[in-house]
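The values are calculated or read from the model by the stated rules, or taken from the named source; none is laboratory data. In this text the structure is predicted, and so the values were computed from the model without any measurement. Backbone-built Cβ (ideal geometry, glycine too); neighbour counts: all protein chains shown. Each accessible area value is taken on the protein alone, full model and side chains, heavy atoms only, with ligands, DNA and RNA left out. Shrake-Rupley method; radii C 1.70, N 1.55, O 1.52, S 1.80 Å.
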Amino acid sequence: MGKFIQLNLRRQLLDDRIITGLDIGTSKVSVVIAEINDSGVLEIIGVGNAPCNGLRRGVVVNIEATVQAIIKAVEDAELMSGREIRSCFTGIAGANIEGINSRGVVAVSGKNREISEDDINRVVEAARAIAIPMDREILHVIPQSFIVDDQKGIKNPLDMIGVRLEAEVHIITGSLTTTQNLVRCINRAGFSVDGLILQTLASSKALLTEDEKELGSMIIDLGGGTTDALLFVEGAPYFSASVGVGGIQVTNDLSIVLKIPLDAAERIKKESGTCYLPHIDPGETVIIPGMPGKAPSEIPRINLAQIMQPRMEEIILLLREKIITMNYMHLLKGGIVLTGGGAKMNGVVDLVQEIFNMPVRVGVPSSLGGLTEEYQKPEHATAVGLVLMGAERHLAGNSIKEKPDKGSTSRHGVLKKISDWFKEMF
Ligand SMILES: Nc1ncnc2c1ncn2[C@@H]1O[C@H](COP(=O)(O)OP(=O)(O)OP(=O)(O)O)[C@@H](O)[C@H]1O
Ligand SMILES: [Mg+2]
């Protein structure tokens, strides 16, 4: 009996240290398992991948296919890490996501007009009190900045003196049925969900520097089925946009125009394709496999670019249009960071740079220790970011639970401990 309890306790301890990120995409499921090691540092110990065709444009359309892909990807990651997982943080994306900026105001209630944690919670609550339709739910409420009396741009108003406290927040909502179907797939695969996080928010945690967020930068996730963007202004999310077109359409175009099967089109896109005409030497040629029974043929490489560039241009121009419509172009001072599998496409950096006329780079998840080579790829940025945000939530939750027993450890101290821990990580 004693041994049983001990084993259970050990299991609990292990579970407490394991954080899993599960990114369910339109073309693949990616799993990253991380462990908080004995020194309190997050380390990635397992990565798993499986092709998935259970989604269309970021939304589940085939539960069984999605469940199978989740099981396969988790098994791979478990095998690599030698751990069994029970729960995960998962991402959400696609056209059903909406971001709204909102404000709330409260009177400071603390003694001596000192802003307390309770005042901050109340003002954020006031800012999130917006009318949302019954079929939507709030995924995130992220404080952008606070205003104390007339002083603007305050990041943390705790302990400041004031009469009136105002909060500016970014609220992200998603469709209830979309999230329910996603959670159903994960539950059916045998796992519970620790939290639902906007995919681009997770990726930006792994990819953007604090300076980039502060300056005004945008992350563009070039996925298989959707292209999603999240704009940061003064350190916080400000605007999100999604286009229901991605790399799969580029492959489809190649397959139709060149009259080749989809798998051959996908391979040619990755190996020889480019979406930027100026990069191509006019003499370059590519071998195209024939349809069954037909001989392979040789075509100029420029033909690939003539098919791929217009489609990629269309996607990027649609995104740019959304930003211009909102009149947010002037906020983009720090440039653009590309991620997702499409960020590996030849010529994409130059194309986006030309369309937006600003610096563009491909983001690779920052080093977290552990299996660096396995996860430092744009297509794993979401799963790595999910782990980072998961760890942040997990730790904040644990620390706050400990608070009443710690006597001398104030909430302030606990939060400081959390941020110290995170400094160690980056
Ligand atoms: N080297 C490459 N060149 C061009 N495209 C690539 C390359 N590698 C991957 N891709 C494309 O990236 C896409 C998959 O990207 P990713 O894995 O980020 O998508 P996903 O997360 O499954 O989908 P989504 O985020 O849209 O739901 C595919 O269309 C694939 O063809
Ligand atoms: Mg994706």
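The mean of 1/r over all pairs of different alpha-carbon atoms in the range 97-174, once inverted, gives a Kirkwood hydrodynamic radius of 12.7 Å.
Remark: the range 86-140 carries 53 Å² of accessible area per residue (probe radius 1.4 Å; ligands, DNA and RNA excluded). Note that the range 98-114 has calculated 3J(HN,Hα) couplings of 10, x, 10, 8, 9, 10, x, 9, 9, 8, 5, 9, x, 5, 6, 6, 8 Hz, one per residue in order, obtained from phi through the Karplus relation 6.51 cos²θ - 1.76 cosθ + 1.60 (θ = phi - 60°); glycine and proline are x. Each label point was placed 7 Å from the Cα along the Cα-to-Cβ direction; for ILE256 and HIS279 their separation is 2.4 nm.
Counting only DSSP H runs of at least 4 residues, each contributing -39500 (n - 2.57), and dividing by the residue count of the chain, the helix-based mean residue ellipticity at 222 nm comes to -13000 deg cm²/dmol.
Fully extending the segment from ALA107 to LEU318, taken as 0.36 nm per residue of separation minus the present Cα-Cα distance, adds 71.7 nm.
Between LYS333 and GLU114, what length in nm is gained on full extension when 0.36 nm per residue of separation is reduced by their alpha carbon distance?
Additional length available on full extension: 75.3 nm.
Of all segments of the chain bounded by trypsin sites (Lys or Arg not before Pro) found in a DSSP loop with no more than 15 other C-beta atoms within 10 Å, the longest spans 156-258.
Size estimate for the range 159-307 follows the Kirkwood approach: the inverse of mean 1/r over distinct Cα pairs works out to 19.4 Å. For the residue pairs LYS28/LYS344; LYS270/LYS344; LYS28/LYS213; LYS333/LYS377; LYS205/LYS344; LYS213/LYS322, the alpha carbons lie more than 18 Å apart in LYS28/LYS213; LYS333/LYS377; LYS205/LYS344; LYS213/LYS322. Output the relative contact order of the chain, whole-number percent, from Cα pairs under 8 angstrom with separation of 6+ residues. Computed over the chain, the figure is 17 percent. Report the Stokes-Einstein translational diffusion coefficient (µm² s⁻¹, integer) for the chain, Rh taken as the Kirkwood radius over Cα pairs, at 10 °C with viscosity 1.306 mPa s. Rounded to a whole number, D works out at 68 µm²/s.
Using the Cα centre of the chain as the reference point, and only Cβ charges (+1 on K/R, -1 on D/E), how large is the resulting charge dipole? Debye, rounded to the nearest 20.
Dipole magnitude for the chain comes out near 700 debye.
Please report the carbon-and-sulfur percent of the accessible area for the chain; probe 1.4 Å, protein heavy atoms only, DNA, RNA and ligands left out. Of the solvent-accessible surface of the chain, carbon and sulfur hold 52 percent.
When nucleic acids and ligands are ignored and a 1.4 Å probe is applied, HIS170 ends up with an accessible area of around 0 Å². Summarised in one figure, the compactness ratio Rg/Rh of the range 247-313, Cα atoms and Kirkwood Rh, is 0.94.
Taking the three principal axes of the alpha carbon atoms in the range 297-365, the coordinate ranges are 48, 29, 17 Å, sorted in descending order. Normalised per residue, the accessible area of the range 247-392 is 47 Å², obtained with a 1.4 Å probe and no contribution from ligands, DNA or RNA. Around LEU215, under 14 Å between beta carbons, what's the net of Lys plus Arg minus Asp minus Glu among the other residues? Result for the neighbourhood of LEU215: -2. Taking each residue as 0.36 nm, the span from ILE161 to ILE71 lengthens on full extension beyond its C-alpha to C-alpha distance by 27.1 nm.
Computed 3J(HN,Hα) for the range 202-218, one whole-Hz value per residue from the Karplus formula 6.51 cos²θ - 1.76 cosθ + 1.60 where θ = phi - 60°, is 4, 4, 5, 4, 8, 10, 8, 7, 4, 4, 4, 5, 5, 6, x, 10, 10, glycine and proline marked x.
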